[in-house]
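The values are calculated or read from the model by the stated rules, or taken from the named source; none is laboratory data. Since we're looking at a predicted model, the values are computed, not measured. Glycine also receives a Cβ, built like all others from the backbone with ideal geometry; neighbour counts cover every protein chain displayed.
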Amino acid sequence: MDVKINKLTADGFLLSEVSRLSKRGVSIAVDFDSTICLTDGYPHIVGPNSGCFSTLHKWQDMGCKILLHTMRHDEDLDMAVNWCKEQGFTFDGINCNPENDDRDPYCDKMYAVFYIDDKAFGVPLLRDNNGIVRDHVDWYEIDRMFTPLLKEIIIKLKENNKWLGKDLCS
């Protein structure tokens, strides 16, 4: 799978999509329940999903924009955002893109290059055989799969003078 994804990037297909979707770096949309946090049922938060915040911080340090993409709203959304702040993480956008650029300002669709969600096809999950928490995203596998790809995308954007994010951290 990694070879095909990297081949797409090298061929420029993904690069053109990235540069079209994001004028200020690479946007990554991330779900909350069973993705960022462990849960035993909505809206209860059991704790942080292991490896999540370290990966998200790494991607922000690379210049990526991390967007919270959740169905939570009102006080449940506030609870999720505040809980992430208590964990030391602040999002670049919450259920929206941080900059509106040239898209329709009345469009509610969030634009991102990657969407990480426990309900998305192909996202690696961990099972809790004790049944205490719901199946949740395997962030160590996400990091292994996507960080090299993100570095490659950023390098290619820089080579094509389309990168406006932070300098790439090693």
Sole exception among (1) loosely packed, with under 14 Cβ neighbours inside 10 Å; (2) closer than 19 Å to Leu149 by Cβ for Gly51, by number: (1)
Top-ranked residue in segment 28-43 [being β-branched (Val, Ile, Thr) and modelled with pLDDT under 95; ranked as surrounded by the most Cβ atoms within 10 Å (Cβ to Cβ)]: Ile28
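Every residue in segment 115-134 that is of a type in the set (A, V, I, L, M), more than 15 Å from the chain's Cα centre (by Cα) and in a loop (DSSP other than H, G, I, E, B), please.
Ile132, Val133
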Near pairs, Cβ below 7 angstrom, 6+ apart or cross-chain, from segment 143-154 (more than 10 Å from Val113 (Cβ to Cβ) and crowded, with 16+ Cβ neighbours inside 10 Å) to any residue that is modelled with pLDDT of 90 or more and of a type in the set (A, V, I, L, M): Ile154/Met62
